[in-house]
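Undergrad: Okay, handing you the structure first.
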Amino acid sequence: MRIKRLLLSITILFFLVAGGLFFTQVLKSAYYKELSETNRIRLLPIPSPRGRILDRNGIPIVDNRLSYDVCLIDEGLKNREETLKKLAEILKRSPEELLEAATRRSSAPFMLKVICRDIGKEAVLKVEESRLHMPGIIIQTRPLRHYVYGDITSQVSGYVGEIDKLSLSRLKPYGYRIQERIGRAGLEKGYDNYLRGDWGGMQLEVDHMGRQKQVLGERLPQSGRDLKLTLDIELQKIAHEALDGRPGAVIVMDPRDGQILALAGEPAFDPNVFVVPDNTKGVREILKDKSSPLLNRAIGCAYPPGSVFKIAIALSALDSKKISAETSFECSGSYLLGGRRFHCWREGGHGAQRVVDGIKNSCNVFFYNVGKETGVDIISEYGQRFGFGKPTGVDLPDEAAGLLPSRFWKRIVKHQAWYQGETLNFAIGQGFLLVTPIQVLSMVATVANGGEVSRPFVVDRIDDITVGSPNHKRIEISKRHIDVVKEGMRQVVEGDGGTGKYARVKGLSIAGKTGTAQTHTQKTHAWFAGFSPADKPKIALVVFLEYGGKGGSHAAKTAKIIFEGAHNLGYL
Amino acid sequence: MIRLGRFDYTLVLIILAIFIIGIGALYSATYQNSTQLFDGATGRQIVWMGLGFAAFFLIANVPYHRLLSGAWLFYFICLIFLGLVLVMGHTRGGATRWIQIGSFSLQPSEFTKIGLILLLSSYLSNNRVELRRIRPIMGVFLLMLIPFALILIEPDLGTAVVLIPIAFAMLYAAGANARYLLYIFIAGVATSPIFWSLLKDYQKQRLMVFINPNIDPLGAGYTIIQSKIAIGSGGLLGKGWLSGTQNQLNFLPERHTDFIFSVIGEEWGFLGGAILLFLYLLLIWRILRIATGTQDLYGQLLCVGVATMISFQIIVNIAMTIGLMPVVGMPLPLISYGGSSLLNTMIGMGILMSVSARR
C-alpha cells in the first residue's frame with residue numbers, strides 16, 4: 001500500500017518535470033532559439049573601398065592606397081615580450097607602446113589585434129624579412145583614403161573622418177555604421193552616398209570564447225562609385241600656385257556650360273592628415289588654425305564685392321532703360337548728396353563718362369549717378385536675376401547665400417527705411433551687399449555667355465552616368481545691353497589705362513572687371529572677374545584675395561597667370 | 001545460477017536502452033573537443049558499463065539475504081573510505097571526492113548510497129525494531145547523518161542530499177509512523193539555515209543563482225542560463241544528433257557529466273527528453289513491481305531504496321538543467337559520464353535482480 005503511494009508520488013514528480021520540459025522546449029522554444037542564435041552568430045562588417053575622384057582627363061585626384069597594419073595572432077605567439085621588442089626595433093617605436101596595443105582588448109576575439117597601423121613600405125619589407133623570428137606577427141592590408149594632390153585639391157575634395165554620434169543617429173536608416181568613415185567636407189561630403197559603396201559582411205559562427213569556428217556566409221563589399229570631375233588637375237595646380245599661399249580663392253569655369261575647371265582656395269589643408277591613424281596632433285593643428293583652412297572661401301564665405309558689382313549695376317540701369325549706352329555723366333572726383341560728399345577713387349575725376357568708360361575706369365561718380373537714377377528696388381531686382389543673395393547651386397556642400405539688400409530687407413531686418421546714400425554705396429558694391437566668389441563668377445559667366453546662365457558644377461559623371469548636364473536658362477536682360485557691358489569689360493583689360501590692364505596677356509583677348517572692396521579694416525579685398533576670348537568666351541574666372549590689396553594690381557596679376565596657364569593648356 | 005526463466009529481461013532491456021541513449025549523448029558532447037579530459041570518454045564509459053554488467057550479473061546471482069549479514073560491514077567500509085577521501089583524497093575542481101586506485105579513481109560517496117540502502121533494509125526489516133516509536137526512527141536518521149556529514153564536507157552537496165529521501169522513503173515503506181516522519185521533515189527544514197552556514201561559498205552562490213540566474217550571468221549563473229538556452233532552443237524535435245550549437249560550440253560547461261541532459265534536450269528536443277523520461281519511469285515502475293511482487297520486507301526495502309535513489313537523481317538532475325531546481329552536483333543515472341556512478345547504479349540493479357529472481 002505504502003509502496004504504491006510512493007510510486008504515485010514519484011510518477012507525479014516525473015510528470016511535473018515533463019511539464020517543465022514542455023514549458024521550456026515547446027512554449028518558450030522561440031525565445032530560446034533566438035538566444036541560441038545570437039549566442040553563436042556574429043556579423044563582421046567588411047568596409048568597402050570608397051570610390052575614386054578623377055579629374056576630367058581621368059587622372060586620380062583622390063584614390064585609395066593600402067595601409068599595412070601589423071597584427072598579432074595570439075595563438076601563434078610563443079614569446080610575446082621578445083617578439084614585440086624586436087618589432088619595436090624595426091618599427092622604431094617604443095616596446096611599451098606596442099605592448100599596450102597588444103594587451104588592449106580587441107573589439108571581437110575573432111578579429112586580428114592591430115598593434116601598429118599604417119607602417120611604411122620599407123618597414124613592411126623589414127618585418128617580412130624577420131617574420132621567421134617573430135611567429136604570430138602578420139601584416140594585414142586595408143584600403144585607406146589617399147589624397148594624391150594633398151592641399152592643392154583640398155577645397156574640392158574635402159576630407160573624411162569617423163562618423164560622429166549625431167550623424168550616425170540621423171544616417172542609421174541609410175545603412176551607416178559606427179566607426180564608419182564619412183565625408184566631412186567638399187565632394188567627400190556632398191557625394192558621400194555614392195562614394196561610400198556597400199559594406200560587405202561575414203557571418204561567422206563562434207564558440208563560447210568568441211573564436212571563429214566557420215564562416216556561414218559572406219557578402220563581398222561593393223566599392224563606391226567613382227566621380228569624374230570637370231576639373232583639370234593641371235589648371236588646378238596653376239590656380240593653386242597663382243594664389244601663392246595668399247588667403248583667397250580662384251575659380252575657373254567654362255561659361256558655356258558651367259563646367260568648373262579649377263577651384264582653389266587658400267589657406268588649404270592636407271586632407272591626408274585626417275586619414276593617418278592616431279594623428280590627433282595633426283588634426284588638432286588644422287582644426288585650431290586661426291586662418292580656418294577648412295573654410296572654402298570660394299563658395300562658403302561672403303564678402304563685399306566692390307567694383308565687380310558695377311557689371312550688375314550697369315546692366316540693371318541699361319535694361320530698365322534708366323540710362324542708354326550714350327548717357328554720359330560728368331565725374332569731377334566727387335558726388336554730393338544731401339550735403340554729404342561721395343568720392344571717386346581718382347581724386348581729379350574722370351571727366352565725361354559713358355557706360356563703357358565708366359566700366360573701363362571703374363568710375364564711382366558715374367555709378368553714383370546711375371545708382372541714383374535706377375534706384376534700390378531695380379538694382380535689387382536685377383541682383384536677384386543674377387543670383388545674388390542665394391546659393392548658385394554648385395554641387396559642393398556648405399555654399400553660402402550671401403546678402404542682397406533691398407528696401408524690404410532693411411525694413412524687416414533693420415527696422416529702418418532705406419536711405420538714398422545707401423543706394424550710392426550699393427551702386428559701387430559696398431554697404432550691406434555680401435557675395436561669394438562663385439556668385440561673382442556666375443554673374444561674369446552669364447555676361448560672357450551673352451545672357452545664357454548655366455549652373456556651375458564639378459561632377460561630370462558618377463561611374464558612367466552623366467550627371468552634370470548643363471541646364472541653360474536665359475537671364476531676362478536684353479543681349480544688346482549685355483554687349484555694351486562686355487565692350488566695357490574688354491576696355492578694362494585691353495583699353496589704354498584700363499583698370500585691369502595687369503591681366504593683359506599677349507595674344508589673348510580678355511575682358512574683365514576689377515574690384516577693391518573696402519572692409520571694416522584698413523586692408524581691402526582684391527577682386528578680378530573676367531573671361532576670354534572677349535568675343536566668344538571659353539573661359540571665365542574669378543580671383544578673390546582676402547585682405548589682398550587692390551583688384552587692379554594684385555588680383556589682376558593673379559588672373560593673368562591663370563589666363564596664361566589656360567592658354568598653354570589649350571583652353572584658349 | 002538464476003534460472004533463465006526467472007530473469008527480468010524487461011529490466012535489462014530498459015537499462016540497455018537508457019544506456020545507449022546516454023552513449024549517444026556522451027559521444028555528441030565530447031565530439032568536437034578532443035582534449036585530454038574528453039579523449040576516449042565514450043570508450044571508457046562503455047568499459048565501465050561492461051564492468052557494471054559484470055557486477056550486475058555477479059550480484060544478481062548472490063541470494064540477497066546473504067547481503068544482510070554484510071550490511072554493517074559494508075556501511076563501515078564506506079565510512080572508512082569517506083574518511084580516507086578527506087585525508088588523502090584526490091581533488092578536482094575544488095572538491096575532494098575521489099580516491100586514486102591505480103589508474104582508476106573511485107568516488108566512495110557513490111557507493112555509500114548503496115551502503116546506506118543495504119544497512120537500512122537490514123535494520124528496518126529486523127522484527128525487533130519497533131517503528132511505531134520515535135527512538136528507532138531517530139536511530140535511522142543518525143545512521144544516515146554520519147555519511148551525510150562526511151560527504152557534505154568533501155564537499156559534495158548533491159550526493160549527500162540523496163541520502164535524505166532514501167532514509168525517508170525506506171522508513172515510510174517499512175511502516176514508520178508517518179506523523180513522526182512529517183515532524184522530522186519539518187524540523188529538518190526549520191534547522192536548514194544552520195546548514196547554510198556550513199556550505200561553501202560556491203554552493204551558496206549556486207543556490208542564490210537558482211533564485212535569479214541573472215545576478216551573475218557570466219559566473220555562477222552561466223551554466224544554468226546556457227543550459228536553459230540549449231534545452232529551450234531544442235524545441236519539439238531538437239536540432240539533431242551532433243548538431244546542437246550550444247553543445248558543439250562549447251557553450252555548455254559540464255555537459256558530459258551533470259549537464260548531459262542539456263545535450264539530449266538540445267539535440268533531441270522535447271520528444272527525446274519525454275521518451276527518456278518515459279523510459280526512466282518504466283524503470284521505476286518495474287523496480288517497484290518487484291517490490292510489490294515479494295512478501296519479504298527486506299527485499300521490498302531494497303527495491304524502495306534503489307528506486308528512490310534513482311528517481312530522486314533523475315528528477316533533481318533534469319529539473320536543475322531547466323532551472324527548476326538549484327544546481328547541485330548530481331549525475332543522471334546510467335547517462336552521465338562517470339564510472340563510480342554507473343557502477344553504483346548497476347550494483348543497485350543487480351541487487352534488485354536478485355530480489356526479483358527469488359520471489
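Undergrad: Scan segment A:7-18 and report the pairs whose first residue is within 7 Å of chain B (Cβ to nearest Cβ) and whose second residue is hydroxyl-bearing (S, T, Y) and assigned to a helix (DSSP H, G or I), with Cβ atoms within less than 7 Å and a gap of 6+ or a chain change.
TA: Partner pairs satisfying both residue conditions: A:I10/B:S311.
Undergrad: Scan segment A:38-73 for residues that are β-branched (V, I, T) and surrounded by 18 or more Cβ atoms within 10 Å (Cβ to Cβ) and jot them down.
TA: Residues satisfying the conditions are A:I53, A:I61, A:V62, A:V70.
Undergrad: Among B:I275, B:I264, which is buried (at least 24 other Cβ atoms within 10 Å of the Cβ) and either under 19 Å from the mean Cα position of the chain (by Cα) or within 11 Å of chain A (Cβ to nearest Cβ) (or both)?
TA: Just a single option satisfies the conditions, and that option is B:I264.
Undergrad: Only one of these is at the interface with chain B (Cβ under 9 Å from one of its Cβ atoms), without any contact (Cβ under 8 Å) to a residue 40 or more places away in the chain and farther than 29 Å from B:P165 by Cα: A:L35, A:L27. Name it.
TA: A:L35
Undergrad: Additional query: Consider A:T423 carefully, then state whether it is in contact with a strand residue (DSSP E or B) (Cβ under 8 Å, 6 or more places away or on another chain) and not in a loop (DSSP other than H, G, I, E, B).
TA: no
Undergrad: Among (1) in contact (Cβ under 8 Å) with a residue 12 or more places away in the chain; (2) within 22 Å of the chain's Cα centre (by Cα); (3) surrounded by fewer than 19 Cβ atoms within 10 Å (Cβ to Cβ); (4) within 9 Å of another protein chain (Cβ to nearest Cβ), there is one condition B:L236 misses while meeting the rest; what is its number?
TA: Answer for B:L236: the failing condition is (2).
Undergrad: From B:V306, B:V327, B:V316, which residue is farther than 22 Å from B:S28 by Cα and facing chain A (nearest Cβ under 10 Å)?
TA: Step by step, each of B:V306, B:V327, B:V316 is checked, and only B:V316 is farther than 22 Å from B:S28 by Cα and facing chain A (nearest Cβ under 10 Å).
Undergrad: In segment A:123-149, which residues are open to solvent by 40 Å² or more (accessible area, probe 1.4 Å) and under 26 Å from A:R50 (Cβ atoms)?
TA: The answer is A:I138, A:Q140, A:T141, A:R142, A:P143, A:H146, A:V148, A:Y149.
Undergrad: Is there a residue in segment B:288-302 that is modelled with pLDDT of 90 or more, under 16 Å from the mean Cα position of the chain (by Cα) and at the interface with chain A (Cβ under 9 Å from one of its Cβ atoms)?
TA: Within segment B:288-302 (the criterion being modelled with pLDDT of 90 or more, under 16 Å from the mean Cα position of the chain (by Cα) and at the interface with chain A (Cβ under 9 Å from one of its Cβ atoms)), the answer is no, since none of the residues qualifies.
Undergrad: Of all residues in segment B:170-194, how many are out of contact with any Phe, Trp or Tyr (no Cβ under 8 Å at 6 or more places or on another chain), aromatic (F, W, Y) and open to solvent by 80 Å² or more (accessible area, probe 1.4 Å)?
TA: 1
Undergrad: Can I ask one more? Starting from segment A:553-571, take each residue that is farther than 15 Å from A:Q236 by Cα and list its partners that are open to solvent by 30 Å² or more (accessible area, probe 1.4 Å), counting only C-beta distances under 6 angstrom and pairs at least six apart or across chains.
TA: A:S553/A:Y502; A:A556/A:Y502; A:K557/A:Y502
Undergrad: Give the residue that is surrounded by the most Cβ atoms within 10 Å (Cβ to Cβ), with candidates limited to residues of segment A:174-184 that are closer than 23 Å to A:E399 by Cβ and touching a strand residue (DSSP E or B) at 6+ places or on another chain (Cβ under 9 Å).
TA: Among those that are closer than 23 Å to A:E399 by Cβ and touching a strand residue (DSSP E or B) at 6+ places or on another chain (Cβ under 9 Å), it is A:G183.
Undergrad: Now, a different point. From B:S311, B:S356, B:S336, grab the single residue that is in contact with a Cys (Cβ under 9 Å, 6 or more places away or on another chain), open to solvent by less than 10 Å² (accessible area, probe 1.4 Å) and polar (S, T, N, Q).
TA: Selected residue: B:S356, the only one of B:S311, B:S356, B:S336 that is in contact with a Cys (Cβ under 9 Å, 6 or more places away or on another chain), open to solvent by less than 10 Å² (accessible area, probe 1.4 Å) and polar (S, T, N, Q).
Undergrad: Would you say A:T558 is among the β-branched types (V, I, T) and open to solvent by 30 Å² or more (accessible area, probe 1.4 Å)?
TA: Taking the combined requirement at face value, the residue does not satisfy it.
Undergrad: Kindly state which strands (runs of 3 or more DSSP E) lie completely within segment A:197-259 and contain at least 3 residues that are open to solvent by 20 Å² or more (accessible area, probe 1.4 Å), of a type in the set (D, E, K, R) and over 30 Å from A:R297 (Cβ atoms).
TA: Correct list: A:212-219.
Undergrad: Considering only residues that are assigned to a loop (DSSP other than H, G, I, E, B) and aromatic (F, W, Y), which ones fall in segment A:374-407?
TA: A:F386, A:F388
The values are calculated or read from the model by the stated rules, or taken from the named source; none is laboratory data. It should be emphasised that the depicted structure is a prediction, and the values quoted were computed from it without experimental measurement. So basically every Cβ, Gly included, is an ideal-geometry build from the backbone, and we count neighbours across all protein chains shown. Note: areas computed on protein heavy atoms with side chains; ligands, DNA, RNA excluded. Shrake-Rupley method; radii C 1.70, N 1.55, O 1.52, S 1.80 Å.
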